[in-house]
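Data first, discussion second: the structure below is written as structure tokens.
The values are calculated or read from the model by the stated rules, or taken from the named source; none is laboratory data. Model, not experiment: these values are computed from the prediction. Cβ sites come from the backbone with ideal geometry, for glycine too, and all protein chains shown count toward neighbours.
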Ligand SMILES: Cc1ncc(C[n+]2csc(CCOP(=O)(O)OP(=O)(O)O)c2C)c(N)n1
């Protein structure tokens, strides 16, 4: 480490800038008046509700200040990710000091009035949250839910070769599963075409009321751990400000120089071999510079500094002088002029213009977003001469389209496909005709599709894939996450956080819209016959629809052409979370491309070719959503039409699940008039649904005909069995559906009773058959719309 990286003068002014940031942070937590302490502090100047996290804040102020110095020194394109985003006072204080805050929020001006507003708004009704929230310029990471800072940071630097993300990792945060595995992200970084992440592990020793593990293992063990993850850690340890400034400056100079040299060497030689990237471990007291001892208890350097370290209220007036003393310890009169503006010689320490971390366009990614170049999805149509023709598996058809999306956007490097090693297994093999999996670790003979540069990102951690993709989208690019349906639940909570981010940012005019987060859930519940019960869970969409209607969309394309149309739409959309569920196994195809486009544009519709109620009111509505439900519904309809020919049957297929909700609840929702005219106001409706049945009730409970709605779906019955038996186990097979219809149609009379008996026998025959032959009956396997007699007795093949 070089000595004296800072001149005495620079050290003095940097320390003053740090004091200014700390002063503003304490002010945000405590004050709503008297922002410059021009009057003696009274309880009237103190907020009634004291909220916020002090513990991490001074350390983050210290880091931000030092990053400012290296940005200026090396002209860096850098953004800041606050892992412990609860250090919101730090990012707000620093973006205020650098001027970006007031540019975006002119009311929070750089004067005494602005200071008062800055302080008051923090954690205050109608104000701003206490985290690195979307309202804070320069933030792409709220940090409210801990664990994702490194994966977000890596997502941001993929395909951003000039960008460095300085990523502060809380030592508590580092105990989370997602963060623990995120250190491995360095094996996916290409030093030529990607930027760099500089992790700064903030070892302040404590979480909320406990020590952190990383602070209580020996330095040797910690160093070995991070070394083992492929990093070169540099320790900056202590509490004496002057020494710490020197040490941090030297460490940052060394880290930045190492990053630059590594990148230059790789870029000059064209050799992307994985380097050992630098990182910093900053060990400083929790609540540094705050109250040392309060009421006889140590605060600074302990867990007690985590939130508000000093209660100040009518019940604790004796603490008021301590607060005043604490605030004055930063010597605000040396930092701000009498109008409350940061003194010029200090303001000069911040970078200029878009180099300020609060103004860097990467942190407002929509501003950099370029439309994808899209091939015409119609060109990838699967030929459907008549409904029910055999298809190869819907995602296999989609794969060719995604291959060409990948190819077309290769020059602008703004599209990636993420997944936990499931891109092949989800049927998207065609993508590998155009690209590889990005992988910067050794390869051996027989490895497939691995290269230092590629558009497919895969690590067996759904958290990493989600975090990388979010970081990629938040910095203005496009992508798709393909995943097994059951295991997407692993990121339920990350989805929550992203959806919340989208909701809040859509209300901030200065935040540009970003590309949608697209989930393709192939390998779904109904076709996990080889994996069994653990792989059978369609509940992600139950979770998704809890979120704000403006943000979420759920699509259940029934066949390949519909899938193409839906994915084309999703890749063009902005600021949504789109969930698309599709099959990868050979399955019947229903709609030729033009019909598919019309159907997907409408999102819901009567399939006239399958219905026979054109001339009269329907007796029953057979509705379906999802590929397997569509197949079973049509098979059920064919039985009914053959055996109960007098029945008037209407078949409705739903692609866009949100159509079912009232218009008042979701912008896609059907009006009540339209819903009633499709589903009738009084006829029985048998709804066959891809996921848990309750969701359909939840979405339609306000509709007129809700009481006649009978929903079949997944009832948590499953195992390793045949595809058709999966539907039988859940009473969602064609035979059960017909019996359900008969039960609701007394007019079917004796014919209905006899048919029910036959169907019950069929189910017994099915069971016997699969037990003996280990596969579905030929009449099930070979069933085709309008072509087969469902009661054919075929011999097993
Ligand atoms: C996933 C998650 N679990 C729990 C919490 C509650 N929580 C808030 S702060 C905190 C301690 C964080 O410790 P650390 O990351 O070291 O941050 P710092 O000490 O710098 O505040 C916890 C457990 C959370 N925000 N996120």
Conditions (1) buried (at least 20 other Cβ atoms within 10 Å of the Cβ); (2) within 21 Å of the chain's Cα centre (by Cα); (3) within 24 Å of residue 157 (Cβ to Cβ): number failed by residue 421: (1)
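Is it the case, given these coordinates, that residue 625 is in contact with a helix residue (DSSP H, G or I) (Cβ under 7 Å, 6 or more places away or on another chain), in contact (Cβ under 8 Å) with a residue 24 or more places away in the chain and closer than 15 Å to residue 724 by Cβ?
It is false that residue 625 is in contact with a helix residue (DSSP H, G or I) (Cβ under 7 Å, 6 or more places away or on another chain), in contact (Cβ under 8 Å) with a residue 24 or more places away in the chain and closer than 15 Å to residue 724 by Cβ.
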Considering every residue within the range 526-535, establish whether at least one is in contact with a strand residue (DSSP E or B) (Cβ under 6 Å, 6 or more places away or on another chain), touching a residue at least 12 places away in the same chain (Cβ under 8 Å) and either under 27 Å from residue 403 (Cβ atoms) or surrounded by fewer than 21 Cβ atoms within 10 Å (Cβ to Cβ) (or both). no
Flag if residue 772 is out of contact with any helix residue (DSSP H, G or I) (no Cβ under 9 Å at 6 or more places or on another chain), outside any loop (DSSP other than H, G, I, E, B) and farther than 25 Å from residue 625 by Cα: yes
Quick one: which of 382, 432 is touching a helix residue (DSSP H, G or I) at 6+ places or on another chain (Cβ under 9 Å), in contact (Cβ under 8 Å) with a residue 24 or more places away in the chain and in a helix (DSSP H, G or I)? 432
Out of 637, 711, which single residue is closer than 22 Å to residue 387 by Cβ and either within 36 Å of the chain's Cα centre (by Cα) or part of a helix (DSSP H, G or I) (or both)? 637
Can residue 305 be described as within 16 Å of the ligand (Cβ to nearest atom) and either buried (at least 19 other Cβ atoms within 10 Å of the Cβ) or closer than 23 Å to residue 251 by Cβ (or both)? yes
Matching residues in the range 137-152 - criterion: being on the phi < 0 side of the Ramachandran plot and either surrounded by fewer than 24 Cβ atoms within 10 Å (Cβ to Cβ) or within 15 Å of the ligand (Cβ to nearest atom) (or both): 141, 142, 144, 145, 146, 148, 149, 150, 151, 152
Filter the range 169-178 for residues that are surrounded by fewer than 24 Cβ atoms within 10 Å (Cβ to Cβ) and either modelled with pLDDT under 95 or in a helix (DSSP H, G or I) (or both); the one that is nearest to the ligand (Cβ to nearest atom) is 175
Within the range 480-494, of all residues that are out of contact with any strand residue (DSSP E or B) (no Cβ under 9 Å at 6 or more places or on another chain) and within 16 Å of residue 547 (Cα to Cα), the one surrounded by the most Cβ atoms within 10 Å (Cβ to Cβ) is 494
Selection within the range 460-494 - within 20 Å of residue 581 (Cα to Cα), within 10 Å of the chain's Cα centre (by Cα) and away from the ligand (no atom under 16 Å from the Cβ): 465, 469, 481
Candidate set from the range 53-97 (those that are closer than 17 Å to residue 256 by Cα and assigned to a strand (DSSP E or B)); member that is nearest to the ligand (Cβ to nearest atom): 81
